[in-house]
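Engineer: Handing you this structure, nothing more for now.
The values are calculated or read from the model by the stated rules, or taken from the named source; none is laboratory data. Keep in mind that what you see is a predicted model, and the values were worked out from it rather than measured. Reconstructed Cβ throughout: ideal geometry from the backbone, glycine too, with neighbour counts over all protein chains shown.
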Amino acid sequence: MRATVLSCIAALALSLSAHAAEPLAAVERAIVPVASWGGTPADASKAKRHTISQITLHHQGEPFKPGTDPQAYLRRLQTWSRTTKGWLDIPYHYVIDLDGRVYEARNIDFAGDTNTEYDPTGHALIEVVGNFEEVEPNQQQLDAVVDLMALLARKYKVSLDDIKSHRDHSDKTVCPGANLYRYVKEDYFRHKVALRLAGEQAANR
Ligand SMILES: [Zn+2]
């Protein structure tokens, strides 16, 4: 991992000229808040508060048909999470749609939920819509995952080694799906996040 990071930084000069990324502050401002998609805040008195130390990637696990309204999907997901599952809220903190737009879901200060056996306390949970056992993630989704992971890694001082996916924590799931997991396994996200963070530092110098 250390070697990967060093080689990332060495590659930085090239990548900075090739990829003009938005500042992370702009990424954060573009996140669609819960009230904007018609969601309601969770009951804070029932929430388990936690401190973020890891970032964990998930997929929806069901096909997300083009043309589906992501805001309506989020409202349905919130209702299902609360009424059918009896959870505090949507299990994830952020949801990324087909266009790479990022939506706020569960308050990041509150620990998430899961159908499997790992304990998501301390994890920032990101869900990408779609079933990546069946389809490939598109580039906007991949870019959005990198941007969001970089934002969270910087904000909560999460080590690159702690950027993982659901199946890295549980044997009972294929989440985030083979076609998205490939990017986790091959360190695509860690590499891109390292570049993003180094680029941000260089820009602020
Ligand atoms: Zn998952």
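Engineer: I want to confirm something. Restricting to segment 34-60 and keeping residues that are out of contact with any helix residue (DSSP H, G or I) (no Cβ under 7 Å at 6 or more places or on another chain) and closer than 30 Å to Ala178 by Cβ, which single residue is farthest from the ligand (Cβ to nearest atom)?
Structural biologist: Step one: of segment 34-60, the residues out of contact with any helix residue (DSSP H, G or I) (no Cβ under 7 Å at 6 or more places or on another chain) are 34-36, 40, 42-51, 60.
Add one more test, that the residue is closer than 30 Å to Ala178 by Cβ, and what stays is 50, 60.
Details: His50: 17, Gln60: 9 Å.
This residue is His50.
Engineer: Hey, can you tell me all the residues within segment 55-110 that are touching a Pro at 6+ places or on another chain (Cβ under 9 Å) and among the acidic types (Asp, Glu)?
Structural biologist: Listed by number, the residues that qualify are Asp89, Asp97, Asp99, Glu104.
Engineer: Can you find even one residue in segment 58-65 that is modelled with pLDDT of 95 or more and under 25 Å from Glu22 (Cα atoms)?
Structural biologist: There is at least one residue in segment 58-65 that is modelled with pLDDT of 95 or more and under 25 Å from Glu22 (Cα atoms).
Engineer: In segment 61-89, which residue that is within 23 Å of Asp147 (Cα to Cα) and within 19 Å of the chain's Cα centre (by Cα) is farthest from the ligand (Cβ to nearest atom)?
Structural biologist: So the residue we want is Gln71.
Engineer: Looking at the structure I just gave you, is Tyr92 aromatic (Phe, Trp, Tyr), within 11 Å of the ligand (Cβ to nearest atom), within 15 Å of the chain's Cα centre (by Cα) and surrounded by 21 or more Cβ atoms within 10 Å (Cβ to Cβ)?
Structural biologist: Numbers: aromatic (Phe, Trp, Tyr): yes; within 11 Å of the ligand (Cβ to nearest atom): yes; within 15 Å of the chain's Cα centre (by Cα): yes; surrounded by 21 or more Cβ atoms within 10 Å (Cβ to Cβ): yes.
Taking the combined requirement at face value, the residue satisfies it.
Engineer: Let me ask something else. As an exercise: evaluate Gly199 against (1) touching a residue at least 60 places away in the same chain (Cβ under 8 Å); (2) within 30 Å of Gly38 (Cα to Cα) and give the number of the one condition it does not meet.
Structural biologist: Failed condition: (2).
Engineer: If a residue must be closer than 19 Å to Tyr188 by Cα, within 13 Å of the ligand (Cβ to nearest atom) and either among the charged types (D, E, K, R) or free of Cβ contacts under 8 Å to residues at least 24 places away in the same chain (or both), how many such residues does segment 117-159 contain?
Structural biologist: 2
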